[in-house]
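Novice: Before we start, here is the structure in question, set down as structure tokens.
The values are calculated or read from the model by the stated rules, or taken from the named source; none is laboratory data. This is a predicted model, so every value here is computed, not measured. So basically every Cβ, Gly included, is an ideal-geometry build from the backbone, and we count neighbours across all protein chains shown. When the accessible area is computed, the model is the full protein with side chains, heavy atoms only, and any ligands, DNA or RNA have been set aside. Shrake-Rupley method; radii C 1.70, N 1.55, O 1.52, S 1.80 Å.
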Amino acid sequence: MFFKPDINTYIPGKIICVGMNYKSHIREQDGRFPDKPVLFSKANSCIIKNKEYIICPSEVKELDYEVELAVVIGKKMKNVPESAVSDYIYGYTIMNDVTARDIQKNESQWYRAKSFDTFGPIGPVIVDKSKIPDPGNLKLKSYVNGELRQNGNTSDMIFGVYELISFISKSITLREGDLISTGTPSGVGIFMKQKKLLEPGDTVICEIEKIGKLENKVIAECQQNN
Ligand code: MG
């Protein structure tokens, strides 16, 4: 049976993320285009939903946002060619790939920097794939306190959605409920001429055409129980 998640109760199995997948994001950090997808993971315990708080841990000094198109897998898949990947997708949502930049820079693996509790906002809905026949041409934006920060299009991806998922499935079985987050365009806070990182009190909105707006406010760890 095909998996049909409800966004309110949905917790992904695996979360596989893709780094350095937008040309604009590589250019803003003077990076090199990768010849294979750059994969990493976030712990699924970091998932929160629309309007929930991003909690900034006291040890994190450089908190950043990344708007991303995220794909919900609907059916177990292994070694699937790019042309058939769509048959295994349930739908699409937005992920804010929240990142502790200071920890990302200081530790050789990104797992902890990407996986603090609340660093995985997703939503506001999961859109059925029938509503997005071409995931390779969607506008995506992010705003902090109403200021436009990222303004890209999924057409700027180096590895397209189907190509990425086919690539992953060659080595890793994907199961219904797994989430693939496909990378972020330019405009993240750390690479601005004057860094614009997230502070407690800020509100981040991630928006993708045909999906909607994902809104999360940042609070400091010590405010968590207030
Ligand atoms: Mg990312």
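Novice: Just how much of Met95 is accessible, in Å², when a 1.4 Å probe is used and the result is rounded to the nearest 10?
Specialist: 0
Novice: Just to check I understand the Karplus step: with θ = phi - 60° and J = 6.51 cos²θ - 1.76 cosθ + 1.60, what whole-Hz values come out for region 123-128, glycine and proline as x?
Specialist: Residue by residue, region 123-128 yields x, x, 9, 10, 8, 4 Hz.
Novice: While we're looking at this one, here's another question. If each DSSP helix of 4+ residues adds -39,500 (n - 2.57) and the sum is divided by the residues in the chain, what number results at 222 nm, nearest 500 deg cm²/dmol?
Specialist: So the calculated ellipticity at 222 nm is -3000 deg cm²/dmol.
Novice: Do the alpha carbons of any pairs in Lys49/Lys196; Lys105/Lys210; Lys78/Lys217 sit beyond 26 Å of each other, and which pairs?
Specialist: Check vs 26 Å cut-off fails for Lys105/Lys210; Lys78/Lys217.
Novice: So how far, in whole Å, is the C-alpha centre of region 111-130 from the one of region 146-166?
Specialist: Their Cα centres are 15 Å away from one another.
Novice: Also: For region 134-139, just list the computed ³J(HN,Hα) in residue order, Karplus coefficients 6.51, -1.76 and 1.60, θ = phi - 60°, integers in Hz, with x standing in for Gly and Pro.
Specialist: 10, x, x, 8, 10, 6
Novice: Roughly what angle does helix 161-171 make with the longest principal axis of the chain, taking Cα atoms, 0 to 90 degrees, to the nearest 10?
Specialist: Value to nearest ten degrees: 80.
Novice: Students often check this: by mean Cβ neighbours within 10 Å, which of 96-107, 194-205 ranks highest, and how do the rest follow?
Specialist: 96-107, 194-205
Novice: What does the C-alpha gyration tensor say about the overall shape of the chain? Classify as rounded when a/c is under 1.5, otherwise prolate if a/b is larger than b/c, or oblate.
Specialist: Note, shape of the chain comes out prolate.
Novice: I'd like the Karplus ³J(HN,Hα) series for region 209-214: coefficients 6.51, -1.76, 1.60, θ = phi - 60°, whole numbers in Hz, and an x wherever there's a Gly or Pro.
Specialist: Whole-Hz 3J(HN,Hα) from phi for region 209-214: 3, 6, 10, x, 10, 10.
Novice: Evaluate the distance, in nm, between pseudo-label points positioned 7 Å from the Cα of Val38 and of Ser171 along their respective Cα→Cβ axes.
Specialist: The modelled label-to-label distance comes out at 1.5 nm.
Novice: Another one. How much length is gained if the chain between Lys195 and Asn145 is pulled fully straight, taking 0.36 nm per residue apart and subtracting their Cα-Cα distance, in nm to one decimal?
Specialist: Here the segment from Lys195 to Asn145 would lengthen by 16.5 nm.
Novice: Can I ask one more? What residues qualify as long-range amide H neighbours of Ile54, i.e. H under 5 Å apart, gap of 5 or more or another chain, H built at 1.01 Å from N?
Specialist: Amide H neighbours of Ile54, under 5 Å, 5+ apart: Lys217, Val218, Ile219.
Novice: Relative to the Cα centre, what is the charge dipole magnitude of the chain, using +1 at the beta carbon of each Lys and Arg, -1 at the beta carbon of each Asp and Glu, and rounding to the nearest 20 debye?
Specialist: 320
Novice: Highest mean first, what order results for 33-43, 143-153 on Cβ atoms within 10 Å?
Specialist: 143-153, 33-43
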